[in-house]
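The values are calculated or read from the model by the stated rules, or taken from the named source; none is laboratory data. None of the values given here were measured: they were computed from a predicted structure. Backbone-built Cβ (ideal geometry, glycine too); neighbour counts: all protein chains shown. These area figures cover heavy atoms from the full protein model, side chains too; ligands, DNA and RNA do not enter into them. Shrake-Rupley method; radii C 1.70, N 1.55, O 1.52, S 1.80 Å.
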Amino acid sequence: MNLKQKLLVASLVLGFSQAAVAADPIKIGVSGPFTGGSAPMGVSMRDGVKLAVAEINAKGGVLGRSLLLIERDDEAKNERGVQIAQELINKEKVAATVGYINTGVALASQRFYQEAKIPVMNNVATGSIVTKQFADQPENYVFRNAANDTIQSGMIVHEAIENRKFKKVAILADSTNYGQLGREDLEKALDKKGIKPVVVEKYNIKDVDMTAQLLKAKQAGAEVVLTYGIGPELAQIANGMEKLGWKVPLIGSWTLAMGNFIDNAGKNGNGTRMPQTFIQDASTPKRKAFIDAYVAAYKPSGGRMPSAVSAAQGYDSIYLLAAAITQAGGTDGPKVRAALENLNEKVEGAVTTYNKPFSKTNHEAITADLTVFGEVKDGKVVLAK
């Protein structure tokens, strides 16, 4: 083989190698609880993510590369979330990760993304501190497209105190980071209204009897119960009220829309209200297309998404990331972060159409004006009137 032929072969090999590199998929981590009490949120989020990825890949991917999801079940456990974060970063070499349902898992895990300069998009976890954990550092790699607890607690308190004129308020919150940080936000919001709760009670995940906490609230004359927890235990609160023959309104964080609250509470859940960024209602063409695609792909029982908010926010998180990677011209972490902080193109999602949702100092895509009240009515969540 002469020199000219060798050079030709070398260039062909190099060309094939470059083509192979260009065709390598972009790995996106997905971390959430796909088993246990938080599973309706985790599975719905993951399914929304998968829908978005399927749509994007069907149209040619991002920068000519397909998106590849690396899914991991964090079981709503902080220590498991930490293990997964390190695996996704060091072994799988993900370009970014979406997910985190539980505030405690997010706070324990996302420091590894911050250190690695890899963007992480919290699409469900709502603890107010989540996006501020590294706000004191020059660059912050933590973003969110969910209604944080400062927004939610303010809405909950406004509904209870201003709209419904209650004066005696009880708070029941679970013992997790999510529940206790949410409880703090509720107390701060009440304090601004000059209201001190008559009772503040705590319970644990998997508790099945809320009688003691509810009795204290009843005996204190509470006119409304404000909650921060997840579906199974929230259902025990609603059912416990029924057992005591004591019925006052239940207003709480967005998790009162979870399928395992609605199903386990049955008729006792009717009238419960909670902030929502997305309700399973085909109110716009985009929402109709998303709902139809989700139901067709996953065939949820009764056609109801286990957690519509989680599904929609999961879906949108991928489109936001895809827009940033496209604008950055690649998957370099600092460039993707910078692109997220100054997105040039509008991003049409299921929750909303995002127009510069983030900035250097604000990593929250969801604002109060994008959040409405849902109400449980006969086995589903509808827009509260």
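Residues that are open to solvent by 30 Å² or more (accessible area, probe 1.4 Å): list the strands (runs of 3 or more DSSP E) wholly contained in segment 79-177 that include at least 2 such residues.
Where strands (runs of 3 or more DSSP E) fall fully within segment 79-177, none carries at least 2 residues being open to solvent by 30 Å² or more (accessible area, probe 1.4 Å).
Taking only pairs six or more apart or across chains, which ones have beta-carbon atoms under 7 Å, a first residue in segment 258-278 that is within 16 Å of Gly245 (Cα to Cα), and a second residue that is in a helix (DSSP H, G or I) and of a type in the set (S, T, N, Q)?
Pairs found: Ala265/Asn239; Asn268/Asn239.
Please pick out the residue among Asp185, Asp191 that is closer than 25 Å to Gly37 by Cβ and of a type in the set (Asp, Glu).
Numbers: Asp191 fails: closer than 25 Å to Gly37 by Cβ.
Residue meeting the stated conditions: Asp185.
Just give me the residues in segment 329-383 being assigned to a loop (DSSP other than H, G, I, E, B) and among the small types (Gly, Ala, Ser), in sequence order. First the steps, then the outcome.
We begin by selecting, within segment 329-383, every residue assigned to a loop (DSSP other than H, G, I, E, B); these are 329-332, 341-346, 349-352, 355-363, 365-367, 371, 378-379.
Once the filter is applied, which keeps residues that are assigned to a loop (DSSP other than H, G, I, E, B) and among the small types (Gly, Ala, Ser), segment 329-383 yields Gly329, Gly330, Gly349, Ala350, Ser359, Ala365, Gly379.
State yes or no: is Gly314 open to solvent by 40 Å² or more (accessible area, probe 1.4 Å), assigned to a helix (DSSP H, G or I) and touching a residue at least 24 places away in the same chain (Cβ under 8 Å)?
Spelling it out, it is not the case that Gly314 is open to solvent by 40 Å² or more (accessible area, probe 1.4 Å), assigned to a helix (DSSP H, G or I) and touching a residue at least 24 places away in the same chain (Cβ under 8 Å).
Based on this model, can you work out whether Ala289 counts as open to solvent by 10 Å² or more (accessible area, probe 1.4 Å), without any contact (Cβ under 8 Å) to a residue 60 or more places away in the chain and under 20 Å from Val142 (Cα atoms)?
No, not satisfied.
Can you tell me which of Ala160, Ala147, Ala173, Ala96 is over 22 Å from Phe358 (Cβ atoms) and in contact (Cβ under 8 Å) with a residue 60 or more places away in the chain?
Numbers: Ala147 fails: over 22 Å from Phe358 (Cβ atoms); Ala173 fails: in contact (Cβ under 8 Å) with a residue 60 or more places away in the chain; Ala96 fails: over 22 Å from Phe358 (Cβ atoms).
After applying the criteria, what remains is Ala160.
Within segment 191-200, identify whether any single residue is modelled with pLDDT of 95 or more, closer than 25 Å to Thr277 by Cα, in contact with a helix residue (DSSP H, G or I) (Cβ under 6 Å, 6 or more places away or on another chain) and surrounded by fewer than 20 Cβ atoms within 10 Å (Cβ to Cβ), and answer yes or no.
yes
Kindly list the number of the only condition in (1) more than 14 Å from Asn102 (Cβ to Cβ); (2) open to solvent by 20 Å² or more (accessible area, probe 1.4 Å); (3) modelled with pLDDT of 55 or more that fails for Phe16.
That leaves (3) as the condition not met.
Regarding Ala217, is this residue in contact with a strand residue (DSSP E or B) (Cβ under 9 Å, 6 or more places away or on another chain), within 27 Å of Lys167 (Cβ to Cβ) and free of Cβ contacts under 8 Å to residues at least 60 places away in the same chain? Even if it seems obvious, please write down each step before you answer.
Working: in contact with a strand residue (DSSP E or B) (Cβ under 9 Å, 6 or more places away or on another chain): yes; within 27 Å of Lys167 (Cβ to Cβ): yes; free of Cβ contacts under 8 Å to residues at least 60 places away in the same chain: yes.
It is true that Ala217 is in contact with a strand residue (DSSP E or B) (Cβ under 9 Å, 6 or more places away or on another chain), within 27 Å of Lys167 (Cβ to Cβ) and free of Cβ contacts under 8 Å to residues at least 60 places away in the same chain.
Could you please let me know if Ala108 is over 14 Å from Ile28 (Cβ atoms) and at pLDDT below 95?
Considered against the rule, which asks whether it is over 14 Å from Ile28 (Cβ atoms) and at pLDDT below 95, Ala108 comes out as no.
Kindly list the number of the only condition in (1) surrounded by 13 or more Cβ atoms within 10 Å (Cβ to Cβ); (2) without any contact (Cβ under 8 Å) to a residue 40 or more places away in the chain; (3) within 19 Å of Phe373 (Cα to Cα) that fails for Ser283.
Condition (1) is where Ser283 drops out.
Do the conditions hold for Gln213, that is, is it over 19 Å from Gln152 (Cα atoms) and in contact with an Asp or Glu (Cβ under 7 Å, 6 or more places away or on another chain)?
Details: over 19 Å from Gln152 (Cα atoms): yes; in contact with an Asp or Glu (Cβ under 7 Å, 6 or more places away or on another chain): yes.
Yes, satisfied.
Working only within segment 99-145, note down all residues that are among the basic types (Lys, Arg), within 20 Å of Thr277 (Cα to Cα) and touching a Pro at 6+ places or on another chain (Cβ under 7 Å).
Of everything in segment 99-145, nothing turns out to be among the basic types (Lys, Arg), within 20 Å of Thr277 (Cα to Cα) and touching a Pro at 6+ places or on another chain (Cβ under 7 Å).
Is there a residue in segment 58-74 that is open to solvent by 50 Å² or more (accessible area, probe 1.4 Å), modelled with pLDDT under 95 and part of a loop (DSSP other than H, G, I, E, B)?
No, there is no match, as no residue in segment 58-74 is open to solvent by 50 Å² or more (accessible area, probe 1.4 Å), modelled with pLDDT under 95 and part of a loop (DSSP other than H, G, I, E, B).
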